[in-house]
Each structure stands twice: as C-alpha cells, then as structure tokens.
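Worksheet: the structure to be examined is printed underneath.
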Amino acid sequence: MTALPTPSQTVGPFFAIMTALGSNELVAPGAPGAMEIHGQVFDGAGDPVGDALIELWQANRAGRYAHPADDRELLLDPDFTGWGRCHTRPDGSFRFITVKPGPVPGDGEVLQAPHINVSVFARGLLNRLATRIYFGDEARANAADPVLVALGDDARESLIAAPDGPSAFRFDIRLQGERETAFFAI
Amino acid sequence: MDGERMSVHPPQLYPAYRSTVLRAPSRPLIPLKPTLSEITGPLFGEETLGPFDDDLTRQHAGEPQGQRIIVAGRVTDGGGQPIPHTLVEVWQANAAGRYAHEADKHAAPLDPNFTGGGRCLTDGEGRYRFTTIKPGAYPWANHPNAWRPAHIHFSLFGPSHASRLITQMYFEGDPLLRYDPILESVPDPTARECLVAAFDTDLTEEGWALGYRFDIVLGGPGATPSEDA
Ligand SMILES: [Fe+2]
C-alpha cells in the first residue's frame, strides 16, 4: 500500500524558535582543512532574503557520508556529522565553516566532483529548494561530474562557488530571475 | 517523483500567497537521479534532546496559558514502513497567537511560560508525541483581514537528504482553514486534508489534555529505512 506523501508548507518567518539545534560551524574555525563558505540569498528583484534557512549535508574530507547507506571503507571522523544550518542575516548573508568534501560515487563507476548538498527554506518558498555547491578550484573534477555536465552553461555556472580569499568560497543563491540558481527535484 | 511532486506538494508560485511572487524559482526543477548524496542524510541521536524538549508546557517555571493538548502520530515512508529514531522539530505561536520571536509584531501578549519550540525522536515504530498548548490564530499582512489558522510548524529529516520535509499541522474544524492561501496552495484536496490533525479520543487524557493525531508520510528515494539507521 502506498500513501500520499505529506505536502510541504513554507517554513515561515519564525523558524528561529527551533534552530537552537544545529550550527553553521561543521568544524571549528582553524581545524585541519577548515574553510569558509559564504554568500547571500537574493529574490527575483535582486533584494536580499533576510529570513532564509540554509542547511548543508556533505561527505567528510575522505568523501564518506556519516550514514549507514555509505558503507565504503573510508575514514569516518566521529566529530564530523556533515550537517549544518544557518539562517540568513537581514542582508541575506550566510556563512559556514566546514571542510571540502572528498569525491563521492555517482551512477555506476563515475565519481562525482566534490560537492555539498544544500536545502533552502524561506517565507515565500512553499517547498524546500535543493541545490548543490561545487568548487571553482576543481575544474577537472567538475568537467567530469555527471550532474554538472548534464546542465546548460548558466545552470552549471550557478552551482560553482568562486574562490574568495584564502580557504574561502563565495556561493550566492538567486531564487528567481535571469541568473537563477539551478534547483533539483530530488 | 516529479508528477507526484506536482500533485501533492504546492506549486512554487502561488500568487494568492504573496511572498511567493518574488521568491518562487521561475524555471522547472531539474530532475536528479538519486546518488549517494541524496540517499544519505543527517541522523540524530538522544544526545540532541534536552529534558523537556517534547513537553512545551514544562520548559519554564510556570505553566503556559491555553488549552493543553497532546499531538502525536506516526512517521512512515510512502510504503507505510515506519521511520524509526528520526528527528521531529516543532515550533508554534502561544495561545494568544504570538511567537516568541523578535520579528513578530502582533499586538497579542507574550507568555513568559511559553517559548514554543520542541523536538523529539520517533521511537522504534516511528511514533512521536508532544505535549503543548493549542496555538492561537494570528493576523498577517498577506491580504486584507488575513488570519493564519491555528497551526504547528513541523520539521522532519527522515533517513535521507531527499526525505527532508518542513510542513505545518492544522486543527480539524477550524473555520479559518478555507481562507488560508498557504494551506490552499496544496492543489489536491485529499493531500490538503493530510495536514489537518484530527481530534482523537484515544490520545485525549481524562481530566488533563485533548489529543490530536497527525501522521506524516515522507517521500524520497531513501524512504525505506535501513535496519540500523
Ligand atoms: Fe506560523
């Protein structure tokens, strides 16, 4: 018997009451391999979205997810869950401290380029928006990534975080408009 | 999956809910064949829970104002399999319809004995249970004389990144339901009804609290839990 999935509803503007759980620091600043990912969320008018909730889910530096479905024999770091959340400030900005994930398997034998899985929630979004952060200094891996190569130029470009200073990347999220971020049905 | 999304979940753009107009993506979502990235997701254990996280009436020195209620149900996947040990987060307004949040400017009283946030893990059979108070309706600026029906916000993770869901639970019999564009954005009336918790005499505790039942079905390709998840 199959049941209808429960429909999605907006997170609304008051989710901070529940975000006591979770941190935007997936690793401590200064930890080995620590880097910053920052950016801003914009709406279709180009205005900052100051009430969005951004969540990350990622593999560790070795490319392993802390989840039983990933049973490959790669180093698992007990202190790294791979999950974090951050709500945007009034200027739409968010900031995470994390590590760059290793490559993870894709379909068949193909490896996927290092990427972080992102969920975006906000007032005015009736559904969670799922996207991915790839890294601008991984040109060769990106060129072979099965998800990226299937995208058009603009969509692919929207998923690649630009190096922005030492150990930092910039990733802006445009919900709507000409330079709209690519969002996935997952 | 995409067809299911169309019929069960709201569209991205629903102009009657004004905030969607400048925030809804204009391009169709890009189909993504699930990989390890989608079928894995964060897992949470008992260490994430505090002592009164599942009882929102006991988080302060005194008891909050309002009608004490129990909200409980089961979290399952689309095949009816329970999703055990998964995190459920809730947040809500107080009995007067005011959130303990600085951005809530509604001229209704705060309750010093109510914050309105809670969390719990489902048990081995996918069951969860909260004790709280019935939230009040509150006005919002969406359209003239707009009021949100009483609701509790729910956040669920399930077994994978793909199963992540944030939704809202409403109360059976609320006359505001049919005027609410957020609930009405769900196109299928049967799916809409899934968001309305039913009064439940079995959950109701004599002389203590009214019971409401709210079952939740998570989608996603990783929706069948592994044994040790
Ligand atoms: Fe609300």
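The values are calculated or read from the model by the stated rules, or taken from the named source; none is laboratory data. Values in this document were obtained by computation on a predicted structure and should not be read as measured data. Because the Cβ atoms are built from the backbone with ideal geometry, glycine has one as well, and the counts that use them run over all protein chains shown.
For B:A108, indicate whether it is touching an Asp or Glu at 6+ places or on another chain (Cβ under 9 Å) and over 15 Å from A:I17 (Cα atoms).
On the way: touching an Asp or Glu at 6+ places or on another chain (Cβ under 9 Å): no; over 15 Å from A:I17 (Cα atoms): yes.
Considered against the rule, which asks whether it is touching an Asp or Glu at 6+ places or on another chain (Cβ under 9 Å) and over 15 Å from A:I17 (Cα atoms), B:A108 comes out as no.
List every residue pair whose Cβ atoms sit under 8 Å apart, with the two residues 6 or more apart in sequence or on different chains, where the first one lies in region B:160-181 and is in contact (Cβ under 8 Å) with a residue 60 or more places away in the chain and the second, anywhere, is charged (D, E, K, R).
If the second residue must be charged (D, E, K, R), the pairs left are B:S160/B:E38; B:H161/B:E38; B:A162/B:E38; B:S163/B:D77; B:R164/A:E55; B:R164/A:R128.
Would it be correct to say that B:I83 is under 20 Å from the mean Cα position of the chain (by Cα), more than 11 Å from chain A (Cβ to nearest Cβ), more than 23 Å from B:P109 (Cβ to Cβ) and surrounded by fewer than 20 Cβ atoms within 10 Å (Cβ to Cβ)? Quick ask: steps written out before the conclusion?
On the way: under 20 Å from the mean Cα position of the chain (by Cα): yes; more than 11 Å from chain A (Cβ to nearest Cβ): yes; more than 23 Å from B:P109 (Cβ to Cβ): yes; surrounded by fewer than 20 Cβ atoms within 10 Å (Cβ to Cβ): no.
For B:I83, the condition - under 20 Å from the mean Cα position of the chain (by Cα), more than 11 Å from chain A (Cβ to nearest Cβ), more than 23 Å from B:P109 (Cβ to Cβ) and surrounded by fewer than 20 Cβ atoms within 10 Å (Cβ to Cβ) - is not met.
Would you be able to say whether some residue in region B:152-163 is part of a loop (DSSP other than H, G, I, E, B) and over 15 Å from the mean Cα position of the chain (by Cα)?
Filtering region B:152-163 down to residues part of a loop (DSSP other than H, G, I, E, B) leaves B:157-160.
Okay, now just the ones that are also over 15 Å from the mean Cα position of the chain (by Cα), so B:159-160.
Yes, region B:152-163 contains a residue that is part of a loop (DSSP other than H, G, I, E, B) and over 15 Å from the mean Cα position of the chain (by Cα).
Those residues that are part of a loop (DSSP other than H, G, I, E, B) and away from every other protein chain (no Cβ under 11 Å), I need them from region A:66-99; list them, please.
The initial filter retains those residues of region A:66-99 that are part of a loop (DSSP other than H, G, I, E, B), namely A:66-82, A:88-92.
The answer is A:E73, A:L74, A:L75, A:L76, A:D77, A:P78, A:D79, A:F80, A:T88, A:R89, A:D91, A:G92.
Checking the structure you have, find out if any residue of region A:129-143 is hydroxyl-bearing (S, T, Y), assigned to a strand (DSSP E or B), buried (at least 20 other Cβ atoms within 10 Å of the Cβ) and without any contact (Cβ under 8 Å) to a residue 40 or more places away in the chain.
Within region A:129-143, one or more residues are hydroxyl-bearing (S, T, Y), assigned to a strand (DSSP E or B), buried (at least 20 other Cβ atoms within 10 Å of the Cβ) and without any contact (Cβ under 8 Å) to a residue 40 or more places away in the chain.
Picking from B:A95, B:A61, B:A107, B:A100, which residue would you name as being within 14 Å of chain A (Cβ to nearest Cβ) and among the aliphatic types (A, V, I, L, M)?
Working: B:A95 fails: within 14 Å of chain A (Cβ to nearest Cβ); B:A61 fails: within 14 Å of chain A (Cβ to nearest Cβ); B:A107 fails: within 14 Å of chain A (Cβ to nearest Cβ).
Within the list B:A95, B:A61, B:A107, B:A100, the selection yields B:A100.
Consider A:A161 against the criteria (1) assigned to a strand (DSSP E or B); (2) within 14 Å of chain B (Cβ to nearest Cβ): it satisfies all of them except one. Which criterion is unmet?
Looking at each condition in turn, A:A161 falls short on (2).
List pairs: first residue in region B:116-140 and on the phi > 0 side of the Ramachandran plot, second residue assigned to a loop (DSSP other than H, G, I, E, B) and within 16 Å of the ligand (Cβ to nearest atom) anywhere in the structure, Cβ distance under 8 angstrom, at least six positions apart or on different chains.
Within 8 Å, the pairs are B:G116/B:L56; B:G116/B:A93; B:G116/B:N94; B:G116/B:Y99; B:G116/B:A100; B:G116/B:P135.
Among the residues of region A:100-120, what is the count of those that are part of a strand (DSSP E or B), buried (at least 22 other Cβ atoms within 10 Å of the Cβ) and touching an Asp or Glu at 6+ places or on another chain (Cβ under 9 Å)? Explain how you work it out, then say what you get.
Narrowing region A:100-120 to residues part of a strand (DSSP E or B): A:104-105, A:111-112, A:115-120.
Checking which are buried (at least 22 other Cβ atoms within 10 Å of the Cβ) leaves us with A:104, A:112, A:115-118, A:120.
Filter once more, keeping what is touching an Asp or Glu at 6+ places or on another chain (Cβ under 9 Å): A:104, A:112, A:115, A:117-118, A:120.
Here the count works out to 6.
Restricting the search to region B:71-91, which residues are among the acidic types (D, E) and more than 16 Å from the ligand (Cβ to nearest atom)?
Here is the first cut: in region B:71-91, the residues among the acidic types (D, E) are B:77, B:89.
B:D77, the sole residue that qualifies.
Being under 14 Å from the mean Cα position of the chain (by Cα) and more than 14 Å from chain B (Cβ to nearest Cβ) is the filter here; which residues of region A:164-186 pass it?
A:F169, A:R170, A:F171, A:D172
So is A:V11 away from the ligand (no atom under 16 Å from the Cβ) and in contact (Cβ under 8 Å) with a residue 24 or more places away in the chain or not?
In short, no.
Just wondering, is there one or more residues in region B:177-190 that are within 13 Å of the ligand (Cβ to nearest atom), surrounded by fewer than 22 Cβ atoms within 10 Å (Cβ to Cβ) and more than 17 Å from A:R123 (Cβ to Cβ)?
no
Identify, please: which residue in region A:29-50 is of a type in the set (G, A, S) and crowded, with 17+ Cβ neighbours inside 10 Å and is, among those, nearest to the ligand (Cβ to nearest atom)? Reasoning before the result, please.
Start the filter on region A:29-50 by keeping residues that are of a type in the set (G, A, S), which leaves A:30-31, A:33-34, A:39, A:44-46, A:50.
Now restrict to residues that are crowded, with 17+ Cβ neighbours inside 10 Å: A:39, A:44, A:50.
Working: A:G39: 27, A:G44: 23, A:G50: 17 Å.
Residue satisfying both the conditions and the ranking: A:G50.
Which residues, taken from region B:89-132, are surrounded by fewer than 23 Cβ atoms within 10 Å (Cβ to Cβ) and among the β-branched types (V, I, T)?
Scanning region B:89-132 gives B:T115, B:T131.
Hey, could you check region B:148-170 for residues that are among the small types (G, A, S) and away from the ligand (no atom under 16 Å from the Cβ) and say which is nearest to the other protein chains (Cβ to nearest Cβ)?
Step by step, filter region B:148-170, then rank; the result is B:A162.
I'd like to check something: does region A:20-28 contain any residue that is out of contact with any Lys or Arg (no Cβ under 9 Å at 6 or more places or on another chain), within 16 Å of the ligand (Cβ to nearest atom) and either of a type in the set (D, E, K, R) or at pLDDT 95 or above (or both)?
No, every residue in region A:20-28 fails to be out of contact with any Lys or Arg (no Cβ under 9 Å at 6 or more places or on another chain), within 16 Å of the ligand (Cβ to nearest atom) and either of a type in the set (D, E, K, R) or at pLDDT 95 or above (or both).
Checking B:I70 against (1) surrounded by fewer than 19 Cβ atoms within 10 Å (Cβ to Cβ); (2) away from chain A (no Cβ under 11 Å), which test does it fail?
Condition not satisfied by B:I70: (1).
Among (1) buried (at least 21 other Cβ atoms within 10 Å of the Cβ); (2) at the interface with another protein chain (Cβ under 10 Å from one of its Cβ atoms); (3) assigned to a loop (DSSP other than H, G, I, E, B), where does A:N60 come up short?
Unmet for A:N60, out of (1) buried (at least 21 other Cβ atoms within 10 Å of the Cβ); (2) at the interface with another protein chain (Cβ under 10 Å from one of its Cβ atoms); (3) assigned to a loop (DSSP other than H, G, I, E, B): (2).
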